[in-house]
Amino acid sequence: MPRIVMKFGGTSVADLDRIRHVAARVKRQVDAGDQVAVVVSAMAGATNQLVAWCQALSPLHDAREYDAVLATGEQVTTGLLAIALQAIGVEARSWAGWQIPLRTDDSHGAARILAIEAADLVSRMQSGQVAVVAGFQGLAPDNRIATLGRGGSDTSAVALAAAIAADRCDIYTDVDGVYTTDPRMVPRARRLEKIAYEEMLELASVGAKVLQTRSVELAMKSRVRVRVLSSFGDPDNNSQGTLLVDEDEIVEKEIVTGIAYSRDEAKVTLRHVPDRPGIATAVFGPLSAAHVNVDMIVQNISAEGTTDMTFTIGRADLPRVIDCLERERDKIGFSTLLTDRDVAKISVVGVGMRSHAGIANTMFRTLAEKSINIQVISTSEIKVSVLIAQDYTELAVRALHTAYGLDAA
Ligand code: ADP
Ligand code: ASP
Ligand code: MG
């Protein structure tokens, strides 16, 4: 009997009508003879509201309490979907992360999944019961609820699919697959039938929110077949979405596969840092201990024994970063701490970059033609990223989409 994991994101369970619609889709899958586990997100907007409440009370809140608050969003939708399924004659029950249990590490707010002890859940699935699982949450070693970082339900779904040896993990969302760029920003974006794991991983990590980065990492490692498709529209006439595949399964390789942007960045500059051995670890050591991910880094040449150091972080981490650096100010010895929230990171991604030169220069030239200033640059084997002023995000993404020949005809 095929075993399928179906994951529905926030917009797919945004209200009771959408939840009824999801229940009908799940019923179709059950009627087709599959064993089904469903992973759900919180209703659209619910998690943002919960985050805002935590932040309003205290910007430097306790991450364990933040998790206790955030995990409630998914608890609501599991119960509601189970009720909606029962109402149309499908046997179903809800599972919170701790009930499975889905075990995580102790990085509250951005926990990693360590193990899923799914024997009980599987035996109920085998007896014909649909498992409705809360995405985004698990149980940390301190016996407290942990959440997996924003967008984490994708990772819950892929990890569950791996744990129960599912034949496929279908990620239902509000677009009908992975596109060459965000189709909501660029109407001429094209849907990709297939995308290589490596490219999807890179696109997700630089801001394409359609899949959480860790979900792609996990799918690649555990060989889970992942498909991204729409939960909207008529199920009989839906597109087949996008399948994640190995690179060698893609015959027509484009040089650039996709373009992503992220407005969730902040830029931090430390002026007049002493230019001496050990300064990088003096700055980044405490940030790493505070679980802050630092992304792009540039350091200027030295003038009179000091230098300026600029780096980017997730915007949500900014209060913690300022707090942390101010506490270390004497040890590091910088003169001024400057921050800028009005930045965006634009990235072009493609495995073809490995064998083609000039990709980065096309990006720099295109942005220059639009008079967009580049503040920071970083590259990897299959990606080039630049940091620009946030106001130019849309202009930059559209111009690059055209420049790399990605526009739909
Ligand atoms: P869900 O709530 O279902 O998890 P998300 O909002 O997290 O949905 O992800 C889907 C959104 O991702 C789309 O609405 C789209 O705006 C955005 N997106 C960004 N980049 C891409 C891309 N390359 N292809 C498809 N969607 C993308
Ligand atoms: N509800 C969580 C969020 O908004 C998890 C998810 O949707 O995947 O980040
Ligand atoms: Mg999502």
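Assorted remarks:
- In the distance distribution for the stretch 139-239, Cα-Cα pairs more than 21 Å apart total 36 percent.
- Counted charge near residue 99, where neighbours are those whose Cβ lies closer than 10 Å (Asp, Glu -1; Lys, Arg +1): 0
- The slack between residue 114 and residue 369, meaning 0.36 nm per residue of separation minus the straight C-alpha distance, is 87.0 nm.
- Take the stretch 166-220 with all the other protein chains still there, run a 1.4 Å probe, and you get 38 Å² of accessible area per residue.
- One chain, two ends: residue 291 and residue 402. Fully extended at 0.36 nm per residue, the span grows by 36.2 nm beyond their Cα-Cα distance.
- Gaussian network model of the chain, Cα within-10 Å springs - most flexible of 148, 121, 338: 338
- Taking each of 27/383; 7/267; 194/370; 209/267; 7/370; 221/370 in turn, the alpha-carbon distance tops 30 angstrom for 27/383; 7/267; 194/370; 7/370; 221/370.
- Cα-based helix-to-principal-axis angle, 279-289 vs the chain, degrees rounded to 10: 20
- For the stretch 85-148 versus the stretch 326-346, the spacing of their alpha-carbon centroids is 40 Å.
- Average accessible area per residue (Å²) across the stretch 9-83 - probe 1.4 Å, nucleic acids and ligands excluded: 44
- Overall form of the stretch 73-139 per C-alpha gyration tensor (a/c, 1.5; a/b vs b/c): oblate
- Dipole magnitude for the chain: about 260 debye, using +1 per Lys or Arg Cβ and -1 per Asp or Glu Cβ, origin at the Cα centre.
- The stretch 261-387, accessible surface, carbon-and-sulfur percent (1.4 angstrom probe): 48
- Principal axis extents of the C-alpha atoms in the chain (largest first, rounded to whole Å): 75, 52, 33.
- Folded to 0 to 90 degrees: helix 393-403 orientation relative to the chain principal axis, Cα: 80
- Solvent-accessible area per residue in the stretch 285-409 equals 50 Å², computed with a 1.4 angstrom probe and all protein chains kept.
- When the solvent-accessible area of the stretch 127-223 is split by element, carbon and sulfur atoms take up 48 percent of it, the probe being 1.4 Å.
- Helix 153-163 and the longest principal axis of the C-alpha atoms of the chain enclose an angle of approximately 60°.
- Choice from 269, 173, 213 with maximal GNM fluctuation in the chain (Cα, 10 Å cutoff): 269
- Backbone N under 14 Å from the residue 282 label point (7 Å along Cα→Cβ), restricted to the stretch 308-340: 308-309, 325-336
The values are calculated or read from the model by the stated rules, or taken from the named source; none is laboratory data. All of these numbers come straight from a predicted model, not from anything done at the bench. Glycine also receives a Cβ, built like all others from the backbone with ideal geometry; neighbour counts cover every protein chain displayed. To get the accessible areas, we keep the full protein, side chains included, count just its heavy atoms, and leave off ligands, DNA and RNA. Shrake-Rupley method; radii C 1.70, N 1.55, O 1.52, S 1.80 Å.
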